[in-house]
1. Considering only region 89-108, state which residues are in a loop (DSSP other than H, G, I, E, B), touching a residue at least 60 places away in the same chain (Cβ under 8 Å) and more than 29 Å from residue 455 (Cβ to Cβ).
2. Where in region 568-676 are there strands (runs of 3 or more DSSP E), lying fully within it, with 3 or more residues that are touching a residue at least 12 places away in the same chain (Cβ under 8 Å) and either farther than 19 Å from residue 551 by Cα or among the polar types (S, T, N, Q) (or both)?
3. Could you name every one of the strands (runs of 3 or more DSSP E) located completely within region 495-535 that has at least 3 residues being in contact with a strand residue (DSSP E or B) (Cβ under 9 Å, 6 or more places away or on another chain) and surrounded by fewer than 24 Cβ atoms within 10 Å (Cβ to Cβ)?
4. Do you know which residues across region 677-694 are part of a strand (DSSP E or B), out of contact with any Phe, Trp or Tyr (no Cβ under 6 Å at 6 or more places or on another chain) and open to solvent by 60 Å² or more (accessible area, probe 1.4 Å)?
5. If you scan region 307-325, which residues turn out to be part of a loop (DSSP other than H, G, I, E, B) and over 23 Å from residue 252 (Cα atoms)?
6. Taking only region 273-304 into account, find how many residues are hydroxyl-bearing (Ser, Thr, Tyr) and part of a strand (DSSP E or B).
7. Any residue that is surrounded by fewer than 21 Cβ atoms within 10 Å (Cβ to Cβ), free of Cβ contacts under 8 Å to residues at least 40 places away in the same chain and of a type outside the set (D, E, K, R) - is there at least one of those in region 405-412?
8. For residue 198, state whether it is open to solvent by 20 Å² or more (accessible area, probe 1.4 Å) and either at pLDDT 95 or above or closer than 20 Å to residue 153 by Cα (or both).
Amino acid sequence: MRRRLTAFAVAAAVALACRGPPDTGDPPADAGLEPRICASRFRLSSSGLSCEPLLPTGDCAPGTLPILGSEECQPVGWRACPAGFEPDPSGWGCVEVLPTAVCAGAWMERLGSPTCQPIGDCARVFPPAQATLFVDAQYADSQLDATHFRTLGAALAAAPAGATVAVYDGRYFERLKPVQSLKLAGRCAEKVIIQSTGADLSGVRASGPISVEISGVTLIGHRVGAWVDSGGSLTLREVLVGSNRELGIYVTGAGSKAVVEASAIRDTLNPPGASLGQGVNVESGGTLELGDSEIRSNRSLGLYLTDVGSRAEVTGTVIRDTMPDGLNESGIGVLLENGAALVASRTALIANLERGVDVVGGTMDLTDSVVRDTRSNRPDLLSASGINAEGGARLRLSRVSLVSNSTIGLVLRGSGTTATLLDTVVRSTKPGPSGRGAGIELVEGAELSLGGSALVDNPMVGLVLVGSRATVTRSLVLGTVPTQAMPSAAGVSAETSSCVSLADTAVVGNWGLGVLLHELAAGCEAQVTGSLIAHTRPTLDGLRGRGLAAQGARLTMSDSAVVSNRGIGLMVSRPSSRLVLERSAVRGTVPELPQRFGHAVVAFPDTFVKLLDTDLEASAGVGLAVSGASAAVVAGAISGNSVAVHVQDGSELQVADMVPEQPGPREVVISEGTRFIDNLARTGTGVIPLPEPVGPLKQ
């Protein structure tokens, strides 16, 4: 049985007046109502008649987030810093420990050391005990014999397989091309210089099925510092590969392998008008193991991996300050493409150009690492980013900080491009030359799984999806800020054929809008479960600070809370949009400036809202405002609002002992068991102003 609920005319001034129930309002909280039973993430209010979210009492410290259902803030993001890193002073994630000064000559940056470290120990015992051949440019003729030589070439020609050649201090204008497996040990990189003669040759080449180990030397001025091909194996240990003319290290061909330890590859040059100057280039199935090393101030690319089968494992390494090539392009820290693979841990990518890492059809597993201060090289480049992935790339980031990168922290582009982020921080991204930016951006069918992560203080949008999908779990989106180019911001924005789900997630303290769902994909049922959308701040013009806007979207929101937002807590607009709220609360919505709205839930024409055991509490304006839409309210409480329920533009308010699953067009049906407590007025009539829908943020 249904009956119409008597309506009371309520002036706007009354709707925003101070509380103290008028004669036309609800009965007080102690008017004989039975106590509520609250869902697990909520507790009884002091009246015992409504449910309030169980949350920490104050703001959570950096590195933590509020989880609905806990009075204690919970850890989020990268927290346990590995060797070579320490807690970031901001409280979010970890930061590398490195010298503040540039390391020059035969000195290098080593993660974990605040001072420059020598490339090799010049004071160690020399020659090594296993050496059988010796090279010294200062030998007199009388000192030369079958085991003592003035030149490297002569020693290599005489060396049997497996020999160890010791090289004393000196500058050797030569190149090394051994034809069999051997070891060559210099005293240290400062004392032993192997310099190009000016020919277009490599400093050392390991070609064919041989294994070569080089240590304690500098390779300088060669066309290519070190070259490995045709299945060869080359180990560089405590070697400076510096100021070579086209490539620092080149590895090509299946079975070819380079191992680089405690070495520096820096200052590779680039011929004018060319796109060379890479620090390390691995292609055609070659492999690289790189540890405790520095790749700095190379041209075009710091590390380049291309082709199926090409693979690199990188640990404890710094890749930084990559510069543009001869065409004034690139400057990327790491580029993977065409099926190449990278596994990296304890790595710092710092102050590269355009992209810290660019993955185009490759795979990357990045752990315990920092990507920061990536810079835009050109004003017309709108897509600079800490990490960019496209072309079916696959990423896994675990315990990573993406900090202060230009334009976008992480970009995922294209169908088949996927990323999993765990315990990761994306923070303080800088607006690009256009004034726009985002923490994480997904476009053109990309997919993201985000868990235990924090997106903090990014410009415009913390997480934005366009035609893409994201699953967000136990994560935080905090403090997204507007820019001059975009005076409004959003914590999460899913737009234009996207789909998103949030679970156990907090979207807090963002400017303008907490969550925007705009024209979602056909068949997408967006989900928000166990999540908090709270304390949205006003835009730069002092207007909206809304919690969630569903526009052309279907959303189920359960066991969640929308708290202390501005203007509107939840709004549903565009025909066929649908919002279902289960065991949730929308409370404490305050007006926008100047004193506008302050409504908990607003439904626009031809939409549908269903509230199941949900509380709308303490709104400065209306608890539930329905304009030309339909709604169903079952159980729950509408309490402490200026106006409990307002309908207009043809919507009709009814009460019933049984609420239909889908009321008729423009029917607003409220169950007999719904509690109305301490509202200034139960209903309002007439037409009240309502906000305009929000436009998409990614344009």
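1. Result: 103, 105, 106.
2. Details: elements: 568-573, 578-582, 585-587, 599-603, 608-612, 615-617, 622-627, 630-634, 637-639, 643-648, 652-656, 667-671.
Passing ranges, in order: 615-617, 622-627, 630-634, 637-639, 643-648, 652-656, 667-671.
3. Details: elements: 499-503, 506-508, 512-518, 526-529, 532-534.
Counting at least 3 such residues, we get 499-503, 526-529.
4. From region 677-694, those part of a strand (DSSP E or B) are 677, 681-684; that's our starting set.
Then keep just the ones that are out of contact with any Phe, Trp or Tyr (no Cβ under 6 Å at 6 or more places or on another chain); that gives 677, 684.
Across region 677-694, there are no qualifying residues.
5. From region 307-325, those part of a loop (DSSP other than H, G, I, E, B) are 307-310, 316-317, 321-322, 324-325; that's our starting set.
Answer for region 307-325, where residues must be part of a loop (DSSP other than H, G, I, E, B) and over 23 Å from residue 252 (Cα atoms): 316, 321, 324.
6. 2
7. Within region 405-412, the subset surrounded by fewer than 21 Cβ atoms within 10 Å (Cβ to Cβ) is none.
No, there is no match, as no residue in region 405-412 is surrounded by fewer than 21 Cβ atoms within 10 Å (Cβ to Cβ), free of Cβ contacts under 8 Å to residues at least 40 places away in the same chain and of a type outside the set (D, E, K, R).
8. On the way: open to solvent by 20 Å² or more (accessible area, probe 1.4 Å): yes; either at pLDDT 95 or above or closer than 20 Å to residue 153 by Cα (or both): yes.
For residue 198, the condition - open to solvent by 20 Å² or more (accessible area, probe 1.4 Å) and either at pLDDT 95 or above or closer than 20 Å to residue 153 by Cα (or both) - is met.
The values are calculated or read from the model by the stated rules, or taken from the named source; none is laboratory data. Here the structure is a predicted model, which is why all the values come from computation and not from measurement. Glycine also receives a Cβ, built like all others from the backbone with ideal geometry; neighbour counts cover every protein chain displayed. Calculation scope for accessible area: heavy atoms of the full protein, side chains included, ligands and nucleic acids excluded. Shrake-Rupley method; radii C 1.70, N 1.55, O 1.52, S 1.80 Å.
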